[in-house]
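*Asks:* Before I ask anything, let me first share the structure, which is written out below as structure tokens.
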Amino acid sequence: MTTSQWVVLALVLIFIAYGIIIYNGLVSLKHNVAKAWSNIDVILKQRHDELPKLVQACKQYMNFEQDTLRQVIEARSSVHSAQASQDMKALGKAETALRQGLGSLFALAESYPELQSNQSFQQLQQRISGLENTIADRREFYNDAVNANNVRIEQFPDVIVAKKFNFKPADLLEFEEEEKKDVDIKNLFNS
């Protein structure tokens, strides 16, 4: 082989090695997104299991607040459906509705001293609040993984490998603007 053939062969091998490195990096990012989603999924399932217990505890004391309880139950069902289909946009909307329902439920529960003193209710409220905090932490981790994946598959030269091997962007898990607003407690009691 001539010197120019060796140079061409070396360049081809470098190009192939670089392509493999890019591919492996993209695969790693894709799996980080899946792992981050799996972490959220576990916490959502735990909260999903706790909500019926909370609603049952509240039903015993909150005879006149059936709309709020119904709202929580319906939102729970919507979260479960969106979670099962891994539809991040629907999950964000359903999570917003559920969080608003839980906020209303906890605010209304303050009007029921017997419920507030119920040990089961207190434990469930603390457990669900803890799960909510964990969901927020895991959501941040998930969105970071999604962002790293989405940026990388759009950058050159990674975009070439990403298109060739059909790497897709992932959706961020975002909650609606209403989730970010302060709760108007007075309005909750006037409705």
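The values are calculated or read from the model by the stated rules, or taken from the named source; none is laboratory data. Computed from a prediction, not measured in an experiment: that's the story for all the values here. Using ideal geometry, Cβ is built from the backbone for each residue, glycine included, and neighbour counts are taken over all protein chains shown.
*Asks:* Consider Lys35 carefully, then state whether it is surrounded by 15 or more Cβ atoms within 10 Å (Cβ to Cβ) and not in a loop (DSSP other than H, G, I, E, B).
*Replies:* Answer is no for this residue.
*Asks:* Next question. Right, Arg70: touching an Asp or Glu at 6+ places or on another chain (Cβ under 8 Å) and charged (D, E, K, R) or not?
*Replies:* Here the answer is no, as Arg70 does not meet what is asked.
*Asks:* Could you list all residues from region 35-86 that are in contact (Cβ under 8 Å) with a residue 40 or more places away in the chain and of a type in the set (D, E, K, R)?
*Replies:* Within region 35-86, Lys35, Asp41, Arg47, Glu50, Lys53, Glu65 qualify.
*Asks:* So, of the residues in region 112-141 that are of a type in the set (Ser, Thr, Tyr) and either touching a Ser or Thr at 6+ places or on another chain (Cβ under 9 Å) or surrounded by 14 or more Cβ atoms within 10 Å (Cβ to Cβ) (or both), which turns out to be modelled with the lowest pLDDT?
*Replies:* Among those that are of a type in the set (Ser, Thr, Tyr) and either touching a Ser or Thr at 6+ places or on another chain (Cβ under 9 Å) or surrounded by 14 or more Cβ atoms within 10 Å (Cβ to Cβ) (or both), it is Tyr112.
*Asks:* Step by step: first the residues of region 60-88, then only those that are surrounded by 13 or more Cβ atoms within 10 Å (Cβ to Cβ) and among the charged types (D, E, K, R), then the one that is farthest from the chain's Cα centre (by Cα). Which residue is that?
*Replies:* If we take residues in region 60-88 being surrounded by 13 or more Cβ atoms within 10 Å (Cβ to Cβ) and among the charged types (D, E, K, R), then Glu65 is farthest from the chain's Cα centre (by Cα).
*Asks:* Among (1) in contact with an Asp or Glu (Cβ under 6 Å, 6 or more places away or on another chain); (2) under 13 Å from Lys53 (Cβ atoms), which single condition is Gly92 missing?
*Replies:* Single failed check for Gly92: (2).
*Asks:* Identify the residue in region 142-162 that is within 16 Å of Tyr18 (Cα to Cα) and charged (D, E, K, R) and, among all such residues, is surrounded by the most Cβ atoms within 10 Å (Cβ to Cβ).
*Replies:* Among those residues, the one meeting the criterion is Arg152.
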